[in-house]
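Each remark here refers to the structure printed beneath this line.
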Amino acid sequence: MTTFKTTYNRRSFLKVSAVSSGGLLLGFNWLVSCTTDKQQINPPSEWFNINSYLSIADNGQITIMSPNPEIGQNVKTSFPMVVAEELDADWSSIIVKQAPLNTDWFQRQVAGGSQSLRQGWDGLRMAGATARQMLMMAAAKRWNVDLSTLKTDAGMIINANGDKLSYADVAAEAAKLEAPTEVKLKDPEDYKIIGKSTANVDLDNIITGKPLYGIDTKVEGMQYAAAQGPPAFGQKLKSFDDSAARQVKGVSNVFKIRVPLKEEGRFVDKVVVVASSTWAAFKGKKALKIEWEKESAVESSDFHTQTLKALLNKKPEAPVRNDGNVDARFAEADEVVERVYESPFLPHNCLEPMNFFANVTADKAELSGPVQTPEWTRSRLSESLGMDEKNISIDLTRMGGGFGRRLYGDFAVEAAEISKIAKSPIQLLFTREDDMTAGTYRPAILYKIKAAIKDKKITAYHLAEAAVNSNMYYIIPNNYPAGAISDYRVDNVKYDSNITTGAWRAPYSNFLASAEQAFFDELAEKLGVDVIDLHLQLLEESKKTYVAVKREEDEAMSMVDKKTGTEEEKKQEKEQLQQSFESKRGNYVPDKMIGVIKLVAEKANWKKAGAGVFQGFCVYYSHNTYVAEIADVMMEAGKPVVKKVTVAVDCGIVVNPVAAESMAKGGVVDGVGHAMYGDFAFVDGVPQASNFDKFRLIRTSEAPKVDVHFVKNFDSPTGLGEPTLPPAGGAVANAIYAATGKRLYKQPYAPLLEKVLG
Amino acid sequence: MATFNLSVNGKNMTVDVDSDTPLLWVLRDELNLVGTKYGCGIGQCGACTIHLDGTAVRSCLTPISAAPDKKITTIEGLSAEADHVLQQAWREHDVPQCGYCQAGQIMNAASLLAQNPKPSDAEIEAAMNGNICRCGTYNQIKAAIKTASQHL
């Protein structure tokens, strides 16, 4: 067993008055029970609150709060599984409730960066283990025996004589105890809930159409709102005529609002229609006569491409990573290979369009809806409304997708502003067109990759990124192949546009992986080696770097352990240290990369897949998870068709296998879909697609079969929301090359293939 | 405004709305049946799929004026005990991720199986191609439809 000090954020173990507080805003029941029948036969009469995550009822039911936003990544099921595991509860007695935003009780209520489970892991385990310990302490007192003589099993405490008490029997006494300062955590080999496929706790509600999502919100007296913003980036509102809109039956109010965009200090004026139904609001919005005027540059995609291409040739003063002497290696090379890869802007297209409920009165603001960052959103609301954060509440709904768009709570601020002016509870809903044309898009990015070859070896590697608005996160230059090539440089340049951009599922790596891994495929061909062998050779080099740096790193880490200070301070210092060492090696463990490469090669029958099957390989490490993929392409009617993608994943402990496999498959399908079809252009600031008739999302007939394999180990779990997406595009590009002999340097691939293959 | 008498999930209901109001918004805003989802409003995504006299239609494009003499079935009324063969198969495969498109997927698949209880893979793909799953659960949806089909 692992002993764990609970000093790590003690506040989550503070007693709270009632589990239901903050969750009663809406007119429907959020409770999702895994024990619906039992609940009806023997309803609980009293709940005992053990800590901020957990309450136990006198009838044996256990409520576990799931604090993080659920965007489809399964946290609402997998988080409570972790708590229940350490509590040693019977899963069938668990009721899961979505927690509202509560920064006193919970840490990091964010859905982003594939970090929920990785960063929640310790806190969740401690919540369960602390509660188990308190229940055992209560039982020890009751029996008057030593705590060490007790054990638990599936919600029962058992003493040395074999006598049993249920958690419910001692919950009242346990709730009065102080939380222990140290708890024992289970050995992963003893897990009974973690690692067992567990049904999505919302499954029955989803398949019977129960209200779950933000868009389903109904509150007494609520009105519906729709807002019209500028049709082009670079335009602003000049004037509007609302006479026809006000004639639409059901429309109660029309007014102008100013709402903040994603970027600090940037605002947009919109015209809002408030009505008694969604349809009336949409019709009223359509009836508005609005004049727009130019505010700043109106940009087109051709301009972006030209600008980014020019920037790629500009060497920035300071590289973001610079190992060895790249220039010297290029000067002495036998051959220099240089390629440029292009990617377009992309909208997120969550199937549930942006929406939010708000009821703003003079002294408080009650909000509810789908947002990935409730804490940050509350601070933006506070600023916008001029209201103290303590008077603002945010309830979290299940979300119809996130993909990064719901990291930016602009729609929540917009809803609050509308409610404030309309003096009414309102539900703001973006039409699909609003959603697609007023996005925070993945920025268009170009990569120029250059390699030096000397004596049949890659001796230098230079990656240059030219992006609209923002460059790769600081950790990305340390991704593979960093550490594998001693002379290695990464440069970033950007162009500032007025088009709003932001994080899109697996930011930067969603295209960088395709570009780099297509480049390596080409290098392997030039070197006359199998691409998998090339990567394995490079990773052997990386191992040498890793081992050398790690020795120094481990020493530095042990120095931190010897220091005085809190666990939290030490943890932070270690994280900073780790980052500095990762900039000397890579941010990945080479053996883990090798592990997924070998596993995928075996499972996909690499190079032995049979006649007519053309394979493409890709490996990538992102969001702390290792993924290798092999795409199988076949020619049908003269065109390459992606039939299957085999995936090998190392994400440590797989908490909920059925959901993990689903998430891995979804990431691949999303990655293949956007690499093949995702295109989003601007002409004079106007997005050229505004709905799914023009923006092509992958459909079922185009989705490959995805075959997922997990590396089995007991390492702490890492995330899965993003990591299987980045390698998909590269695997597909390389397989299409194998099938057609055409290298693809620009996404989306499908229109490009139309051109080159006819 | 006009008064319309509807048959929804076996119950007679009366609503007072404009005759151009799509059934989607009648169901969601007037009748509180929010299981039917808005995704695109132009019949491209399938999230709003319901049955009119047992056949799948896109409720975002079907005005209420086209519905009074027809039986409307929504996800809430697909089965009395949430035990339609597709709902059971959806449980078996734990299909949903975000879940938002799933009601539309199930309603579309139910219409397919009603007309063709043993569809081939190609027939499933052809029938389901109008339903977008942004999370990419297509593999699981196909598998669940196959499972459901085996129980028919």
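We did not get these values from a lab; they are worked out from the coordinates using the rules stated. Remember, it's a predicted structure, so these values are computed and weren't measured experimentally. Note that we place each Cβ from the backbone using ideal geometry, even for glycine, and neighbour counts take in every protein chain shown.
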- With the stretch A:247-403 reduced to its Cα atoms and the Debye formula applied, log10 I(q)/I(0) at q = 0.11, 0.16, 0.19 1/Å amounts to -0.76, -1.20, -1.41
- Query: Ranking A:Val658, A:Val337, A:Val732, A:Val708 by Cβ neighbours within 10 Å, fewest first, what do you get?
  - Reply: A:Val337, A:Val658, A:Val708, A:Val732
- Restricting to Cα pairs under 8 Å and 6 or more apart, the percent relative contact order of the stretch A:380-435 works out to 34
- Taking every DSSP beta bridge that has both residues in chain A, what percent is antiparallel when rounded to the nearest 5? 75
- Provide the per-residue ³J(HN,Hα) series for the stretch A:486-502, in order, calculated from phi with Karplus coefficients 6.51, -1.76, 1.60 and θ = phi - 60°, each as a whole number of Hz, with x at glycine and proline positions. 5, 10, 9, 9, 10, 10, 10, 9, 9, 10, 8, 10, 8, 6, 6, 10, x
- Query: List the trypsin sites (Lys or Arg not before Pro) in the stretch A:376-458 that DSSP assigns to loop (not H, G, I, E or B) and whose Cβ has at most 16 other Cβ atoms within 10 Å. Which are they?
  - Reply: A:Lys423, A:Lys456
- Query: With each label point set 7 Å from Cα along the Cα-Cβ vector, what nm distance links A:Asp591 and A:Lys289?
  - Reply: 7.4
- Message: Please compute the modelled spin-label separation between B:Asn116 and B:Lys146, points set 7 Å along Cα→Cβ, answer in nm with one decimal.
- Response: 1.6
- Note on the structure: Cα extents of the stretch B:1-98 along the principal axes, largest first, in whole Å, come to 45, 28, 22
- Please compute the Cα-Cα pair-distance distribution of the stretch A:520-607 with 10 Å bins starting at 0, giving whole percents from short to long. 15, 33, 26, 16, 8, 1
- Label-to-label distance, nm, for residues given as A:Asn391 and A:Asp241 (7 Å Cα→Cβ offset): 4.1
- Query: What is the diffusion coefficient of the stretch A:184-284 in µm²/s, taking the Kirkwood radius over Cα pairs and the Stokes-Einstein relation at 4 °C with a viscosity of 1.567 mPa s?
  - Reply: 72
- Zone reached by a paramagnetic label modelled 7 Å from A:Ser148 Cα along Cα→Cβ, restricted to the stretch A:160-199 with backbone N below 19 Å, covers A:160-162, A:180-187
- the stretch A:676-715 versus the stretch B:92-151: alpha-carbon centroid distance in Å: 19
- Task: Rank these for me by crowding, A:Val669, A:Val468, A:Val711, going from fewest to most other beta carbons within 10 Å.
- Result: A:Val711, A:Val468, A:Val669
- Message: For the stretch A:427-478, report the % of Cα-Cα distances exceeding 13 Å.
- Response: 74
- Estimated Rh, the stretch A:508-666: Kirkwood, alpha-carbon pairs, angstrom: 18.1
- With -39,500 (n - 2.57) per DSSP H segment of 4 or more residues and division by the full residue count of chain B, the 222 nm estimate, nearest 500 deg cm²/dmol, is -9000 deg cm²/dmol
- Query: In whole angstrom, how far apart do the alpha carbon centroids of the stretch B:35-68 and the stretch A:289-322 sit?
  - Reply: 41
- Query: Over chain A, what relative contact order in percent results from Cα pairs under 8 Å that are six or more residues apart?
  - Reply: 14
- Mean-position separation - Cα centroids, the stretch A:50-86 and the stretch A:545-605, in angstrom: 31
- Where in the stretch A:741-758 does the label zone of A:Met635 land, with the point 7 angstrom along Cα→C-beta and an amide N cut-off under 13 Å? A:741-742, A:757-758
- Item | Whole-percent pair-distance distribution, where bins are 5 Å wide, for the alpha carbons of the stretch A:109-198 | 3, 12, 21, 21, 17, 12, 7, 4, 2, 0
- Message: Rg and Dmax in Å for the stretch A:386-492, alpha carbons only: what are they?
- Response: 22.4, 74
- If you place +1 on the Cβ of every Lys and Arg, -1 on the Cβ of every Asp and Glu, and leave all else neutral, what size is the dipole of chain B about its Cα centre, to the nearest 20 Debye? 280
- Hey, got the Cα dimensions of the protein assembly as shown along the principal axes, in Å, largest first? 81, 78, 60
- Message: Sort B:His151, A:His709, A:His674 by Cβ crowding within 10 Å, fewest neighbours at the top.
- Response: B:His151, A:His709, A:His674
- Kirkwood Rh, the stretch A:281-332, all Cα pairs: how many Å? 16.5
- Message: Run lengths n ≥ 4 of DSSP H only: what is the helix-derived mean residue ellipticity at 222 nm for chain A, with -39500 (n - 2.57) per run over all residues, to the nearest 500?
- Response: -10500 deg cm²/dmol
- Message: Placing unit charges on C-beta atoms (Lys and Arg positive, Asp and Glu negative, everything else neutral), compute the dipole magnitude of the stretch A:564-674 about its Cα centre in debye, rounded to 20.
- Response: 540
- Message: With equal scatterers on the alpha carbons only and no solvent term, can you work out the Debye log10 of I(q)/I(0) for the stretch B:52-152 at 0.12, 0.14, 0.24 1/Å?
- Response: -0.38, -0.51, -1.42
- Descending Cα extents along the principal axes, the stretch A:461-526, whole Å: 41, 20, 18
- With both partners inside chain B, how many of the DSSP beta bridges are antiparallel, as a percent to the nearest 5? 90
- Item | Charge context of A:Pro723, other residues only, Cβ under 14 angstrom, K/R +1, D/E -1 | -1
- Of the residues A:Val633, A:Asn656, A:Ala731, the Cα lying farthest along the dipole of the stretch A:622-758 towards its positive end, which is defined by charges on the beta carbon of Lys, Arg, Asp and Glu, belongs to A:Val633
- Local net charge near A:Phe614, Cβ-Cβ under 11 Å (Lys/Arg +1, Asp/Glu -1): +1
- Note on the structure: Rounded to the nearest whole number, the Stokes-Einstein translational diffusion coefficient of the stretch A:434-565 at 20 °C and 1.002 mPa s (Kirkwood radius, C-alpha pairs) in µm²/s is 124
- Mind checking which helices in chain A clear 24 Å along their axis (Cα) and have mean Kyte-Doolittle hydropathy of -0.5 or more, DSSP H runs only? A:116-143, A:509-527, A:531-562, A:657-677
- Query: Which value, in debye to the nearest 20, describes the size of the charge dipole of chain A about its Cα centre when Lys and Arg Cβ atoms bear +1, Asp and Glu Cβ atoms bear -1, and nothing else is charged?
  - Reply: 960
